[in-house]
Each structure stands twice: as C-alpha cells, then as structure tokens.
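Readers should treat all values here as calculations from the given coordinates under stated rules, not as data from a laboratory. If you're wondering where the values come from, they're calculated on a predicted model, not measured in any experiment. Here Cβ is always computed from backbone atoms with ideal geometry, including for glycine, and neighbour counts include all displayed protein chains.
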Amino acid sequence: MDKKKLINLFKIFLKIGFTILLVYLISLKIDLQEVKNVFLKSDPFYIFLAFLAYCTSQLASSWRLLSFLHSIGLNVTYGYNLRLYMLGLFYNVFLPGGIGGDGFKLYILRKRFQLPTKRIFLAMLLDRVSGLWAIGVLCVTLIILIPKIEINWVLPVVALFFGTAIYYIVLKKFFPDYAKCFIPAHIKSSVAQSMQLVSVICILLSQDFQGKFSPYLFSFLVSSLATVIPISFGGFGLREYVMTHASDVFDMKEDLAVFVTLTFLFISTIAALPGMWFVYKSKEFGDAPKEEEAAAFEREADSTID
C-alpha cells in the first residue's frame, strides 16, 4: 500500500474514531430513549414538508453553483449542472474518502470544457464561500431575535456590512470574472440557506412545537458552521454535539435539539439517493477516476492550456 492510500485510510479511521467519541459524549448528556420517543411521535406530514424544503434548498444551491460556472464561461445548462450536483451529493454522503463528490465534479467539468483546473476549482470554492456568507447573514438576523444573546445588535450588523464589503472588494480586485455574478449568486445562496431553516421549522412543527424557533435555528446554523471542519462523516455527531451544548445556553430541550439534527441528517441522506443513478446506471459522466489518475490527468491537461 502506497503512502497516499495509507494516509487516506488513516483519515477514515480517524473520522470513525472521532464520530464514535462524539456520540459517546452526547449519550452522557441526553437520554437516548427520550430521543427515540420524540422520533416515534413525529407528524409525518411535517417531516415530508421538511423534506420538500430541503430539496428546494438543494435546487437553489445547484442554481447558485451554475452562476459561478457561467461567470468563467462554462456553457452548462441547469439540467446538466443539477445532474452533476446530484452525483456529487451521493458521493459526499455515501462514498466518503477518495476523490470525493467535489473532486469528481471538478474532474468531469475539466475534462469536458478544457478550462484550467484552478478556474473551475475557484468557482466551486467561491460557491461554498457564498453559502457561508448566507449563514452569517441569517446568524446576525437571529442574534437580533434572541434576547439571551447579550450583545448590541448594531455590532454584528456593522461587522456583517463591512465584512461583505471587504469580501466583494477582494473578489472584484483579484477574481473579477467571479465578481460578475456576486449579487445573483448570493441571493440564491440566501434562498438555499433560508429553505434549510424552513426545513428545521417543519421538523420542529412535527412535534407540535409551541416555543421559540430562533434559538433552535441559530444553534442549527452554528452547528452547520462546525461541520465545515471535516472531522466526522457528513457532520454526524458534530452537529448533535454542538446542539446539546447550545441547549444549555438557550434552555432548549436537548432531546428535541438532537432530534432536529438527526432528522435533518436523515432527510439530507434520502435526498442524496437519486444521485445513485448517475453513479451506477447512467453513463453520462462515466466512472470516477482514482486519485492518481485524476491528478495525472489534471497535470497533463493543464500543461496544454495557455
């Protein structure tokens, strides 16, 4: 076994170990039987609405990525991009490790459109950055609605304003092609993240929830930011860990908080299943290359482009 494969294997075992540790720590704080009882009394109608809201968020996310791809001259249709996006979702959820969903999408786009890898990679990276920006906007909005957070609302609003201005100026100066789609892409990003919050609201309503939504929504967004750190599979365990600790701060029900994230994980997993068709049945995108093959292809292909 070569060094790279050994490192990848080590990363997978590290993620498994860290996920098990997180689940153990969560089990010390909550009664798993209570979480089970919460699941059993869920209203399936609201869970279905949560699923539809999540799917809508993914449609908006795919549309956002399309804006960045068009900004660098990739003549990609929405249908093609959506199919590719679904393939990437399936890879990221069900086939962790190796080249990954984003790596496979990058390989396919590079191979078809013959653009330098760096330009396509930046489009995909800035697509993710716009998602983080939208989470920041929603966090600031929710901070204003949560009296428990004892901070003058002016401070986060001003920080968001200047942060967005600096973000745009940097984009405009160093990545002018990508800056052309700044406004439409970030509007789509806001729609995508907002629909995920709608999904969380529906999950809470499945429990006939009568309390305040804002603490749960804010904690969910913070847990989403935490999952940017790739130390568990699909954020499993990490989201729940953040939510249980946020429950102490905002007086949320711990079993309900964990129920929200676990149900969201279940919904996102089900939503990723259609991508299986493009991995195993459809020949539109071909088979994913091994990491060595992809790296060799990128080196050879990029050397032929000015």
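Run the numbers on the chain and let me know its relative contact order in percent, using alpha-carbon pairs under 8 Å that are six or more apart.
Value for the chain: 34 percent.
Taking the chain as a Gaussian network, Cα atoms linked when under 10 Å apart, which of MET276, MET86, MET243 shows the biggest mean-square fluctuation?
MET276
Need one word for the stretch 56-121: rounded, prolate or oblate. Basis is the Cα gyration tensor (sqrt eigenvalues a ≥ b ≥ c); a/c below 1.5 gives rounded, then a/b vs b/c decides. Kindly include the intermediate steps, with their values, before the conclusion.
Details: a/c = 2.10, a/b = 1.15, b/c = 1.82.
It comes out oblate by the Cα gyration axes.
From the C-alpha coordinates alone, can you work out the Kirkwood hydrodynamic radius of the stretch 159-217, in Å?
Final number for the Kirkwood radius of the stretch 159-217 is 13.9 Å.
Please report SER194, SER268 as a ranked list, fewest other C-beta atoms within 10 angstrom at the top and most at the bottom.
SER194, SER268
Rounded to whole Å, give me the distance from the Cα center of the stretch 187-248 to that of the stretch 92-142.
When both Cα centres are located, 21 Å separates them.
Please name which of GLY73, LEU6, ALA159 has its Cα lying farthest along the dipole of the chain towards the positive end, using unit charges on Cβ (Lys, Arg +1; Asp, Glu -1) and the Cα centre as origin.
Comparing the listed Cα positions along the dipole, GLY73 ranks first.
May I ask for the longest run of the chain untouched by GluC sites (Glu not before Pro) that are loop-located per DSSP and have at most 14 neighbouring C-beta atoms (other than their own) within 10 Å?
1-149
Treating the angle as unsigned and between 0 and 90°, give the value, to the nearest 10°, between the Cα long axis of helix 78-94 and the longest Cα principal axis of the chain.
In the chain, helix 78-94 runs at an angle near 60 degrees to the longest axis.
With bins 20 Å wide starting at 0, give me the P(r) of the chain over every alpha carbon pair, in whole percents.
Bins of 20 Å from zero give 29, 58, 13, 0 percent of pairs.
Which order results if ASP177, ASP287, ASP255 are arranged by neighbouring Cβ count within 10 Å, fewest first?
Arranged by neighbour count, lowest to highest, ASP177, ASP287, ASP255 become ASP287, ASP177, ASP255.
Of the options ALA179, PRO147, GLY136, report the single residue whose Cα projects farthest towards the positive end of the charge dipole of the stretch 3-302 (beta-carbon charges: Lys, Arg +1; Asp, Glu -1).
ALA179
Along the positive direction of the dipole of the stretch 3-302 (beta-carbon charges: Lys, Arg +1; Asp, Glu -1; about the Cα centre), which of PRO274, VAL170, PHE264 reaches farthest?
Final value for the positive-end residue is VAL170.
Label the stretch 164-294 by shape, choosing from rounded, prolate and oblate, from the square roots a ≥ b ≥ c of the eigenvalues of the Cα gyration tensor; if a/c is under 1.5 it is rounded, and otherwise prolate applies when a/b is larger than b/c, oblate when it is not.
Verdict is oblate for the stretch 164-294.
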